[in-house]
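To keep things clear, I will list the structure first and then write my remarks on it.
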Amino acid sequence: MHVVVVFMEAERGHEVDLREALIAYSRTCVEREVGCQRYDVAVDPVEGATFLLYQIYDDEAAYLAHRELPHYAEFRILTDPWARSRRVLTYDLLGTPRA
């Protein structure tokens, strides 16, 4: 499994816009992309303008395919003006704990 963690900070005045777009986009990715197993969106409860995205893909190829899809391009066009910063980190998942 391939893990992607993104830290995003919203431009002042666009916190709600970015939050709503991220929530809708995360649903789209999980529903439309076979290789996207998880896409969580979290917000800093104190600051409210900083977001953490936690994504799990079948493999790196599924993540790279994700970045080539039309809804990815549409999302970036919509949200890039609202994002002050974006940092992307990738990891290989070593295992999953049992519940």
Qualifying residue in the range 3-11 (condition: in contact with a Phe, Trp or Tyr (Cβ under 7 Å, 6 or more places away or on another chain), assigned to a helix (DSSP H, G or I) and either surrounded by fewer than 18 Cβ atoms within 10 Å (Cβ to Cβ) or without any contact (Cβ under 8 Å) to a residue 12 or more places away in the chain (or both)): no
Scope the range 33-49; condition within 20 Å of Glu11 (Cβ to Cβ) and in a strand (DSSP E or B); matching residues: Val41, Ala42, Val43
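Residue-wise test of (1) among the aromatic types (Phe, Trp, Tyr); (2) under 13 Å from the mean Cα position of the chain (by Cα).
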| residue | (1), (2) |
| --- | --- |
| Val43 | no, yes |
| Asp59 | no, no |
| Ala62 | no, no |
| Leu69 | no, no |
| Phe75 | yes, yes |
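Of the residues that sit in the range 67-95 and are in a loop (DSSP other than H, G, I, E, B) and among the charged types (D, E, K, R), which one is surrounded by the fewest Cβ atoms within 10 Å (Cβ to Cβ)?
Looking only at the range 67-95, we keep the residues that are in a loop (DSSP other than H, G, I, E, B), and these are 67-69, 93-95.
This time we only want the ones that are among the charged types (D, E, K, R), so: 67-68.
On the way: Arg67: 10, Glu68: 8.
The extreme case among them is Glu68.
Can you tell me how many residues within the range 38-49 are of a type outside the set (Gly, Ala, Ser) and surrounded by fewer than 17 Cβ atoms within 10 Å (Cβ to Cβ)?
Here the count works out to 6.
From Leu64, Leu22, Leu52, grab the single residue that is assigned to a helix (DSSP H, G or I), surrounded by 11 or more Cβ atoms within 10 Å (Cβ to Cβ) and at pLDDT 95 or above.
On the way: Leu64 fails: at pLDDT 95 or above; Leu52 fails: assigned to a helix (DSSP H, G or I).
So the residue among Leu64, Leu22, Leu52 that is assigned to a helix (DSSP H, G or I), surrounded by 11 or more Cβ atoms within 10 Å (Cβ to Cβ) and at pLDDT 95 or above is Leu22.
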Failed item, numbered, when Glu33 is tested on (1) over 14 Å from Val5 (Cα atoms); (2) surrounded by fewer than 11 Cβ atoms within 10 Å (Cβ to Cβ); (3) touching a residue at least 24 places away in the same chain (Cβ under 8 Å): (2)
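The values are calculated or read from the model by the stated rules, or taken from the named source; none is laboratory data. Everything numeric here is computed off the predicted structure, so don't read it as measured data. Positions of Cβ are generated from backbone atoms using ideal geometry, with glycine treated the same way; all protein chains shown enter the neighbour counts.
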